[in-house]
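Contents: one structure, followed by commentary.
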Amino acid sequence: MTARLLVLVLLGFMTLPTLIVLVASFNPTEIMSFPPSGWSLRWYVNALTYPQFQRAALNSVIVTGASALVALPLGTAAALALGRGRVRRQALWTALLLSPLVIPGVAAGLGMLILAAALGLITSRGVLIVAHVIVVLPFVVRSVSVSVANLDPLLERAAASLGATPWRVFCRVTLPLLRPGLFAALVFALIVSINEFVISLFISTRVTEILPVAMFTYVVNYTDPTMAAVSVIFIGATLVAVLLADHYLNLSRVFQIEEREEA
Amino acid sequence: MKGSLLLAPALMAMAILAAALGALLQYSVLEFVPGSLRTGGLTLANFRGVLAPLYLRVIGETIILSALTTIFTLLASYPIAYALARTHSRRTRSLILVLTLAPFFTGAIVRTYAWMLVLGNSFVRWPVKLLFEPSGVLIGLVHFSMPTMILILAAAISHIDPTYERAAASLGAGPARTFVKVTLPLSRPGITSGCLVVFAWTFSAFATPELLGGGRVKMIANVVKDLALDAFNWPGSAAFAAVALVLTFALLGGASRWLTRVRA
């Protein structure tokens, strides 16, 4: 009983900020007060009509979409090469492809900024897209690798022996069997990219900046609850995405939390 | 198709990252020319700058905050991870998983902003000042690290065969004794890798100390950003970032070597 209470309290700690943001977003006045003196949607109107947020949201869609489009085939090809033992020094390449996970964001960000400046690309959105491809690649490689490991090579050999060309084998056998991994990879790529902040802060301008950077600038400069409204929209969209992912992917399996049947 | 051909495009993306880090290391040994983005000749002055008392304090505080965050995150995450791994009810597991993952997926800025509201005084009158203090930054960092820690711990705990725990219980051990003598030691691989990941990520944390520290609490990443984007001192900033990079790799490299030795 006490154990259950402890878990509830800790889960409460995890959820508390979200609840506070929810309450704050409906606050009628500029200065936050609790309990609120009424309800208002003015901050939602503000959030949706603030030009810089609109521009940043569009940038986010472009950068996230483009980076997923590039990272998915790149990561899938790499996972196929690594998972089938087709290359030597497999451990080294795997470590290299996963390395963006542990490189401090400010180091990667400043490095990309210096590189972009040297190439005269500081105002280019392309630099942002390349950076996002690098950041999401480890997640794509990992997700697809799980499916590659579960793929029985006999099925491909059977198709080939029945006369299918390598390309046909890939399209009709390999790709369909990799579908769960590809879908997980896509979900991860989108979520990681849409939230990427530190590296993007270094390499974006007022014109190219994505939503997290615009939100950061807003929080630093203004204290009104507009950010709370943006946050609620963001959290709502994410929650729907997580619920859908759990429904279709069974997240326990993705995160390797075993299910045990009652003995 | 040949394997190397499949691998090449992804490695090219990594080559760009390597080039960026190379550029960073190059700048860290170039002379800073105030008021200009041009650089002078070779120098070690930037690294001498990192060793200034003001910055040494930042490095020290970063290490202390990372260590405290790791400890508190472990303590707060273990019960949730245990419940997640051991519950028999599908609905409870889904509920815990969604509550755990939702903040994981909402990103640094939204979560940190939320903590600014909680720690400020508009909702609760806190007896001690929390916002813009190290304690507030610590709370934010722990909250930020918990989803990662919970997922790693839950994966480790779920791989422990519950018959061990039942065996201990049938031999007369109470729940507390069973936990301390059986579950906890068997979950040690998860504890170690969870702590490593959390420490390394906290060590280069930026958004949480930037917003919850309000310029009064600074970690290494905040100084890198101040120097690069506010003072336009790219060489000085690069030296700082290089130190963070090297310390992170030394920590992870040392830890993985130590782990392989312990397990061997």
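Every number here is computed from the coordinates shown, using simple stated rules; none is lab data. Keep in mind that this is a model prediction, so the values were computed, not measured. Cβ coordinates were reconstructed from backbone atoms using ideal geometry, including for glycine residues, and neighbour counts include every protein chain displayed.
Table for the structure above
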read-out	value
Test result for B:Gly215, part of a loop (DSSP other than H, G, I, E, B) and over 21 Å from B:Tyr27 (Cβ atoms)	yes
Residue in segment B:229-238 that is of a type in the set (Phe, Trp, Tyr), surrounded by fewer than 17 Cβ atoms within 10 Å (Cβ to Cβ) and at positive phi present	yes
B:Ile109 being facing chain A (nearest Cβ under 8 Å) and hydrophobic (A, V, I, L, M, F, W, C)	yes
Residue count for segment B:71-91, restricted to those that are under 14 Å from B:Ile150 (Cβ atoms) and either more than 9 Å from every other protein chain (Cβ to nearest Cβ) or of a type in the set (A, V, I, L, M, F, W, C) (or both)	12
Matching residues, segment A:99-112, being more than 13 Å from B:Ala18 (Cα to Cα) and either assigned to a helix (DSSP H, G or I) or more than 7 Å from chain B (Cβ to nearest Cβ) (or both)	A:Leu101, A:Gly105, A:Val106
Qualifying residue in segment B:131-138 (condition: touching a Leu at 6+ places or on another chain (Cβ under 8 Å), among the small types (Gly, Ala, Ser) and within 14 Å of B:Thr73 (Cβ to Cβ))	no
Residue match in segment B:29-49 (condition: within 25 Å of the chain's Cα centre (by Cα), outside any loop (DSSP other than H, G, I, E, B), within 26 Å of A:Gly109 (Cβ to Cβ) and not polar (S, T, N, Q))	yes
Number of positions in segment A:193-229 that are of a type in the set (Val, Ile, Thr), part of a loop (DSSP other than H, G, I, E, B) and either away from chain B (no Cβ under 11 Å) or closer than 24 Å to A:Pro100 by Cα (or both)	4
Breaking point among (1) in contact with a Ser or Thr (Cβ under 6 Å, 6 or more places away or on another chain); (2) touching a residue at least 12 places away in the same chain (Cβ under 8 Å), for B:Ala169	(2)
Residue list for segment B:56-66, restricted to those being out of contact with any Phe, Trp or Tyr (no Cβ under 7 Å at 6 or more places or on another chain) and either exposed (fewer than 11 other Cβ atoms within 10 Å of the Cβ) or in contact (Cβ under 8 Å) with a residue 12 or more places away in the chain (or both)	B:Val58, B:Ile59, B:Gly60, B:Glu61, B:Ile63, B:Leu65
One residue from B:Phe105, B:Phe144 being without any contact (Cβ under 8 Å) to a residue 12 or more places away in the chain, among the aromatic types (Phe, Trp, Tyr) and surrounded by 21 or more Cβ atoms within 10 Å (Cβ to Cβ)	B:Phe105
Conditions (1) in a helix (DSSP H, G or I); (2) more than 30 Å from B:Thr62 (Cβ to Cβ); number of the one not met by A:Arg88	(1)
Members of segment B:92-107 that are farther than 14 Å from B:Thr148 by Cα and not hydroxyl-bearing (Ser, Thr, Tyr)	B:Arg93, B:Leu95
Scope segment B:218-233; condition under 20 Å from B:Ala67 (Cα atoms) and in a loop (DSSP other than H, G, I, E, B); matching residues	B:Lys218, B:Met219
Answer from A:Ser67, A:Ser37, A:Ser143, A:Ser60 - the residue that is out of contact with any helix residue (DSSP H, G or I) (no Cβ under 7 Å at 6 or more places or on another chain) and either surrounded by 14 or more Cβ atoms within 10 Å (Cβ to Cβ) or not in a helix (DSSP H, G or I) (or both)	A:Ser37
When residues of segment A:1-34 are limited to those that are of a type outside the set (A, V, I, L, M) and not in a helix (DSSP H, G or I), the one surrounded by the most Cβ atoms within 10 Å (Cβ to Cβ)	A:Asn27
Output for segment B:204-260, where each listed residue is within 11 Å of chain A (Cβ to nearest Cβ), over 16 Å from B:Phe132 (Cα atoms) and among the acidic types (Asp, Glu)	B:Asp226
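Rundown of residues vs (1) under 25 Å from B:Arg257 (Cα atoms); (2) among the aliphatic types (A, V, I, L, M); (3) in contact (Cβ under 8 Å) with a residue 12 or more places away in the chain, yes/no style:
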position	(1), (2), (3)
B:Thr178	no, no, yes
B:Ile191	yes, yes, yes
B:Trp201	yes, no, yes
B:Leu212	no, yes, yes
B:Ile220	no, yes, yes
